Structure formats: C-alpha cells, structure tokens
Amino acid sequence: MDIVVFLKMVPDVVEELVIGEDGKSLDTQWLRMKLNDPDEHALEEAVILKEKYGGTVTVVAMEAPEVEEVLFTALAKGADRAVRLPGDWTGIQAPAIAKLFASFFSSANLQFSSETLILIGSQAIDDLEGEVAPYLAEILGAPYVGVVTGIRLDEEKKKTIVMKEFAGGLRGEFELPLPAVLGIQAAEKPPRYVPVAKVRSIMKSARIETVDVSPPEIVSGLSVERLFIPEATGKAEMLEGPPETITAKIVELLTERGLIRR
Amino acid sequence: MQGPILILAEHLRGEIADITYEMLGVGRKLADELKVPLHSVVLGKDIAPIASHLGVADSVFVLDHPQLDMPSSEVMAALLKTLIEQKHISLVLIGGTNVSTGIGPKLSYRLNLPFVNFCRNLWVKDASVGLTSQLFGGKILSDVRLPDNRGVVSVYPGSFPPDAGKSDRKPSIEMLDLPLWESIPLGEETKVIFKQYLEPEAGDIDITKQDILISIGRGIANADNIALVNELADALGGALCASRPVIDQGWLPLSRQVGKSGMTVKPKLYLSLGISGAPEHVEGMKDSGLIISVNTDPNAPIFGVSHYGICADLFDILPTLIEEIKAHKSE
C-alpha cells in the first residue's frame with residue numbers, strides 16, 4: 001500500500017491577521033505559517049496505518065515558509081519520503097491545488113494505482129472552497145469520503161472501511177475500494193510528538209526531494225470584493241482587575257442567577 | 001438569464017436537518033428579489049414524507065429509491081448535475097455540514113461552476129448575488145460576487161434563522177422518475193458503500209442535560225491541568241466538556257465534545273476556559289443562558305458570543321475562583 005499524504009501550510013490564526021493594501025488578500029508580511037491542523041491528523045493516521053498494515057508513507061507539500069521543517073518532522077514521525085513542490089503558490093485555491101497534487105503522480109515516479117491511499121485534511125481554512133480532497137477525487141476518478149476519524153483495511157488490503165462523523169456524536173461506517181481519497185478530520189490517536197533532537201538528526205541523514213509540477217490554469221470566476229474583520233455582535237462585557245476582583249464578580253453573577261447554591 | 005434557485009434538503013435518519021430550513025428561508029428571499037422560482041430536492045430512501053414540510057419552496061423534487069440510503073457524494077453530485085441541467089438551475093445551496101461534505105466541490109467540478117464554502121450571508125444587490133464567506137476559522141470574512149449569479153454555495157449552519165424556512169403551505173411535489181435515475185452510471189458511482197450507523201458512545205454523563213458546563217479548550221495546555229478544572233466543576237456542581245482539540249488529544253471522551261461534530265448544548269451556565277471560539281465550537285454552545293469566557297487573547301471570537309469575558313490566563317483565575325465558590329457555599 002502506498003499512502004500519500006498531501007500537506008498544506010496555512011496562516012496560524014492564533015496570530016493577528018492583517019488585511020493587505022488591496023483589501024482583498026492577507027498581508028503576507030505578518031503571517032506565521034503552520035501545518036493545517038487536519039493535515040497533521042492525516043499524517044498521523046498514515047503513520048498509524050503503516051504501522052498496522054505495512055506499506056510506505058509519502059508526504060507531499062507545496063513550497064511555503066517553514067515547510068522544510070514540517071517535512072523533516074513528518075520523516076521523523078515515520079514517513080518514508082518527503083517531497084516539496086517548488087514554486088510560488090501564493091493565493092492558489094483548492095481546485096488548482098487538487099490539479100497540482102494530481103499532476104504529482106505523473107511526475108514523481110509514483111504510480112496512482114490500486115495500491116494508492118490518499119489522505120488529506122478534511123478542510124483547510126484559508127481559501128473560499130476549503131476542501132481539496134473531493135476535487136482531487138474527481139480529477140483522479142477515485143472514490144472519496146470526508147470527515148473521516150478512523151480507517152481500517154480488509155484482509156486483502158483491497159478495501160478500506162472508514163468511520164465518518166455526522167453530528168451529535170453519531171458516526172457512520174463506509175466501505176470503499178482502493179485507490180481512494182479520504183478527507184481526514186481526526187486521527188484515531190492524537191498526533192505523536194517527536195523530540196526536536198530527532199528532527200535535527202533526520203535533517204542530517206535524510207533529504208527532501210523536489211518534484212517539478214507546472215502551475216495549473218484554473219479560473220474560479222469568483223470575484224473577491226473585499227476582506228474584512230468581522231465586528232463582534234453582542235460583544236461581551238469584559239471583567240477587569242486583579243484575579244480576586246474578577247472572581248468576586250463571577251461569584252456575584254452566578255449567585256444572582258441562582259447558579260451557586262449554598 | 002437567471003434560472004431558478006435549488007436547495008438540497010438535508011436529512012438524517014428521516015429527520016429534516018435545521019440547515020434545510022435555514023437555506024429555504026434565505027433562498028426564498030433571494031428568489032423573490034431575483035424574481036425566479038425556488039426549488040428544493042430531496043434524495044434518499046423512504047424520504048417522500050419529508051417533501052411536504054418544504055412548503056417555502058415553490059416546488060419540491062423527490063427521488064425516493066432503496067439504493068439511496070446514505071448516498072455517497074459521488075452519487076449525490078451525479079444526480080444533482082442531471083437535475084440542475086434539466087431544470088436550468090443557476091444557483092444551488094447545500095448544507096455546510098458533515099453529512100453533505102464533498103457534494104459541493106464535486107458538483108462545481110462537474111458543472112464547471114464556482115464553489116464557495118463557509119457561506120455566512122447571501123444577498124442581492126443590483127440584481128446580482130453577493131455572499132460573505134468566512135475564512136481562517138471566522139477571523140476574516142470575504143465578500144464575493146458570483147459571475148452571472150451562477151454557482152454552488154455551501155451554507156454554514158447557524159447563519160440564517162430556520163423559522164423563515166418553515167411554512168404550513170403545501171408545495172407542489174414532483175416525483176422524479178427513473179429515466180433520470182437511469183441516466184446516471186450508477187455502477188461507476190456507487191463505489192462508496194454505506195455499511196452502518198455507529199451510535200454515539202454512551203458517556204458517563206449526558207452534557208446536553210446539564211445546567212452547568214465548564215468547557216475547556218487548547219488553553220488547558222496539558223492533561224494534568226484537567227484535575228484543577230474538575231475541582232471547579234465539583235464546586236459548582238457542573239460537568240466538564242471541551243472543544244475539539246481537547247477531545248482529539250484524548251484528554252476527554254467524545255461524549256464530552258461541544259460543537260459541529262459533537263453536541264449542541266444549552267446549559268444555564270457555560271463557563272469556557274481557554275477556548276478561542278472557532279465557528280465549529282460556537283455553533284454548539286451559542287444559545288447557552290449565561291456564557292462567561294476566559295481567554296488570553298483579547299480578540300478571541302469567543303468574546304463575541306459571551307455575556308462576560310475575562311482576558312486573562314485561566315490558571316491565574318481558577319485557584320481563586322474555586323476558593324471563592326467553596327467559601328461562598330459554606331457561608
């Protein structure tokens with residue numbers, strides 16, 4: 001089984017996001033990039049599957065700030081190959097990303113075959129379309145399930161049985177043949193931690209491959225008129241002061257509403 | 001020329017999902033302003049009775065077929081494509097839910113139409129459809145114009161009032177016939193087979209039935225800190241719940257998750273600790289009676305839905321708060 005995980009760097013939303021002068025994009029000068037959260041879970045699930053069923057894990061990411069570190073970390077976690085797709089991919093949208101990822105197979109001595117299982121984070125927060133996996137499934141003509149939180153293989157390793165979340169804790173089980181594209185919401189275990197020392201040592205012994213892919217031409221037709229920061233509606237009344245003042249106020253609020261009983 | 005608007009009615013286990021009514025409500029408004037018909041479509045197995053509840057639409061198309069029990073996004077996209085072409089639909093609204101995930105992108109790919117996800121608002125201005133999409137977990141909004149008012153839009157749950165989509169009026173119902181069905185290469189499309197529902201894991205407590213919930217997020221930092229929060233929950237007689245990152249770390253069971261994939265809760269008190277307030281979380285708790293939130297980031301979206309906010313490190317507040325509640329109770 002060839003497990004391929006496509007990783008994507010997105011702006012870290014813990015940082016303040018600044019809108020650029022054009023009013024239609026983010027000011028990249030202030031962005032700190034991190035691995036898309038669900039992609040981190042996709043990587044974890046891939047390594048878990050490799051440990052259970054064997055096979056190889058290849059991680060692929062578009063060029064972006066901090067991406068080398070993310071790829072080396074993936075190798076330290078158990079990926080076998082790490083590939084960077086060089087280019088300036090600023091502003092690239094999900095349909096074009098999917099096309100780019102699909103073209104990876106024809107240019108990277110890695111066949112898209114009945115052995116291929118593709119894992120991608122179920123959603124990304126940084127573009128209007130927000131989902132790469134279903135587009136990629138369309139282009140490759142492969143079956144797809146999204147919001148996946150668990151994967152197993154049948155005995156012959158020809159089919160995957162996946163668990164998908166609905167709502168309210170209800171989940172569903174689906175079966176689909178390989179090759180398949182799965183949108184991962186969460187790995188069955190939290191993403192593993194690797195010590196920095198191990199990443200550093202991998203940096204010395206392993207290398208990141210580069211594969212050249214040509215930028216796809218896709219015009220979405222959407223015209224972005226403006227980006228803006230939402231105004232908070234019904235903004236909270238802020239309680240300020242030293243901890244004792246704040247907690248006294250909280251206790252008062254709760255007592256008024258009968259939420260603390262003596 | 002602008003064609004009709006189509007709402008994909010979402011349902012799970014025979015129940016219409018609220019998002020359907022949200023979309024019907026806003027769809028009605030758009031359709032009236034654009035002077036085009038509003039249609040809805042129900043696809044599934046044993047779902048015909050649902051159609052009569054969709055009276056806000058001018059007409060409802062129904063395809064009820066034994067093979068459509070939890071159809072895959074491939075099958076849904078194939079069926080919708082045929083319907084959209086036959087009825088000359090311009091604009092399609094689909095629920096931005098886990099149930100419907102993937103249908104929008106697939107449909108947009110097959111019809112070569114633009115797709116917009118995470119839609120929070122829709123309007124008509126100068127006969128042109130505009131919409132607001134949320135980016136970066138709701139920290140940024142983007143106003144977008146659809147070319148020729150054509151496109152596929154995934155509507156974020158909780159964006160529109162569901163009541164506007166409810167009516168006692170009986171819609172005109174059109175049962176879709178088999179030629180439509182047979183035009184779909186089903187053999188190709190049914191690679192994804194639905195096997196079974198997996199019921200929610202029975203937790204030790206049902207968080208939807210609690211009056212007081214103490215909810216923890218990323219700010220809790222590590223599992224060892226949960227003991228302190230438990231102490232607060234005990235003092236208040238409340239239960240512990242959490243946002244997604246805490247559940248994904250395995251620090252609390254799935255039965256304690258609040259938000260899109262988890263539970264929707266409406267306690268009398270929702271005390272959130274170290275939760276930033278991503279839209280997926282807010283969706284599950286925004287209607288709580290009293291919301292008090294502690295977060296270190298003054299711009300955290302959670303303060304937008306809270307009644308009271310405290311911009312502080314939760315570990316500076318917690319010990320004093322526990323002490324004070326205990327003291328107050330023993331007075």
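The values are calculated or read from the model by the stated rules, or taken from the named source; none is laboratory data. None of the values given here were measured: they were computed from a predicted structure. Glycine also receives a Cβ, built like all others from the backbone with ideal geometry; neighbour counts cover every protein chain displayed. Areas reflect the complete protein model, heavy atoms only, side chains present, ligands, DNA and RNA absent. Shrake-Rupley method; radii C 1.70, N 1.55, O 1.52, S 1.80 Å.
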Projected onto the charge dipole of the protein assembly as shown (unit charges on the beta-carbon of Lys, Arg, Asp and Glu, signs +1, +1, -1, -1), the Cα from A:T73, B:H65, A:G168 with the largest positive-side position is that of B:H65
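Give the average, rounded to an integer, of partner chain Cβ atoms located within 10 angstrom of each Cβ in B:128-141.
Numbers: counts 0, 0, 2, 2, 4, 6, 4, 11, 9, 5, 3, 9, 12, 6.
Taking all residues of B:128-141 together, the mean is 5.
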What is the magnitude of the charge dipole of the stretch A:2-210 about its Cα centre, with +1 placed on the Cβ of each Lys and Arg, -1 on the Cβ of each Asp and Glu, and no other charges, expressed in debye to the nearest 20? 840 debye
Please report the orientation-averaged projected area of chain A, defined via the convex hull of its C-alpha atoms, in nm². 19.8 nm²
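Rounded to a whole number, what is D in µm²/s for the stretch B:192-257 from Stokes-Einstein with the Kirkwood radius over alpha-carbon pairs (20 °C, 1.002 mPa s)? Mind dumping the intermediate values first?
On the way: Rh = 13.0 Å.
Answer from the Stokes-Einstein relation: 165 µm²/s.
Give, as a single signed number, the net charge of other residues whose beta carbon lies under 13 Å from the beta carbon of A:I218, with Lys and Arg counted +1 and Asp and Glu -1.
Values: positive: A:K99; negative: A:D127, A:E129, A:E138, A:E217.
Result for the local shell: -3.
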Reported to two decimal places, what Rg/Rh ratio describes the stretch B:61-186 when computed on Cα atoms with Rh from the Kirkwood expression? 0.98
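Per residue of A:237-245, count partner chain C-beta atoms within 10 Å of its C-beta, then hand back the mean as an integer.
Neighbouring Cβ atoms belonging to other protein chains average 5 per residue here.
How large is the charge dipole for the protein assembly as shown, taken about the Cα centre, if only the Cβ atoms of Lys, Arg (+1) and Asp, Glu (-1) carry charge, to the nearest 20 debye?
On the way: 57 positive and 82 negative charges, 86 e Å.
With only Lys, Arg, Asp and Glu charged at Cβ, the dipole is about 420 debye.
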Per the Cα gyration tensor, the stretch A:209-262 corresponds to an equivalent ellipsoid with semi-axes, largest first in Å, of 53, 19, 13
Throw me the Rg/Rh for the protein assembly as shown, computed over C-alpha atoms with Kirkwood Rh, two decimals. 0.97
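Please report the net charge: other residues with Cβ closer than 14 Å to the Cβ of B:K209, K and R +1, D and E -1.
Working: positive: B:R256, B:K266, B:K268; negative: B:D204, B:D206, B:D211.
Result for the local shell: 0.
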Along the positive direction of the dipole of the stretch B:5-189 (beta-carbon charges: Lys, Arg +1; Asp, Glu -1; about the Cα centre), which of B:A127, B:I5, B:G165 reaches farthest? B:A127
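For B:92-99, what's the mean count of beta carbons from other chains sitting within 10 Å of each residue's beta carbon?
On the way: counts 0, 0, 0, 0, 2, 3, 11, 7.
Counting Cβ atoms of other protein chains within 10 Å of each residue's Cβ and averaging gives 3.
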Under 13 Å from the Cβ of A:G20, count the other residues' Cβ atoms, weight Lys and Arg +1, Asp and Glu -1, and hand me the total. -1
Dipole of the stretch B:244-309 [Lys/Arg +1, Asp/Glu -1 at C-beta], most positive-end residue of B:V246, B:G289, B:V258: B:G289
Could you run the numbers on buried accessible area between B and A, total for both chains, 1.4 angstrom probe, in Å² to the nearest 100? 7400 Å²
Rounded to the nearest 10, the angle in degrees between the Cα long axis of helix B:314-330 and the longest principal axis of the Cα atoms of chain B comes to 70 degrees
Averaged over all directions, how much area does the convex hull of the C-alpha atoms of chain B cover when projected, in nm²? 18.8 nm²
Rank-order B:202-211, B:248-257, A:180-189 by packing density, defined as the average count of other C-beta atoms within 10 Å over each peptide's residues, highest first. A:180-189, B:248-257, B:202-211
How much of the DSSP bridge set in the protein assembly as shown is antiparallel, in percent, rounded to the nearest 5? 35 percent
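Treat the stretch B:207-330 as a sphere of radius equal to its Kirkwood radius over Cα pairs and apply Stokes-Einstein at 25 °C in a medium of 0.890 mPa s; give the translational diffusion coefficient in µm²/s, rounded to a whole number. Intermediate values should be presented prior to the final figure.
Working: Rh = 14.1 Å.
The diffusion coefficient I find is 175 µm²/s.
Using a 10 Å cut-off on Cβ atoms, rank the peptides B:156-167, B:5-16 from the highest mean neighbour count down.
Numbers: B:156-167: 18.9, B:5-16: 20.5.
Ranking, from highest mean packing down: B:5-16, B:156-167.
Can you give the charge dipole size of the stretch B:236-331 about its Cα centre, rounded to the nearest 20 debye, using +1 on the beta carbon of Lys and Arg and -1 on the beta carbon of Asp and Glu?
Details: 8 positive and 10 negative charges, 79 e Å.
Its charge dipole is roughly 380 debye.
Quick check for you: with a 1.4 Å probe and neighbouring chains kept, what is the accessible area per residue of the stretch B:207-330, in Å²?
Values: 4380 Å² over 124 residues.
Ligands and nucleic acids excluded, the figure is 35 Å² per residue.
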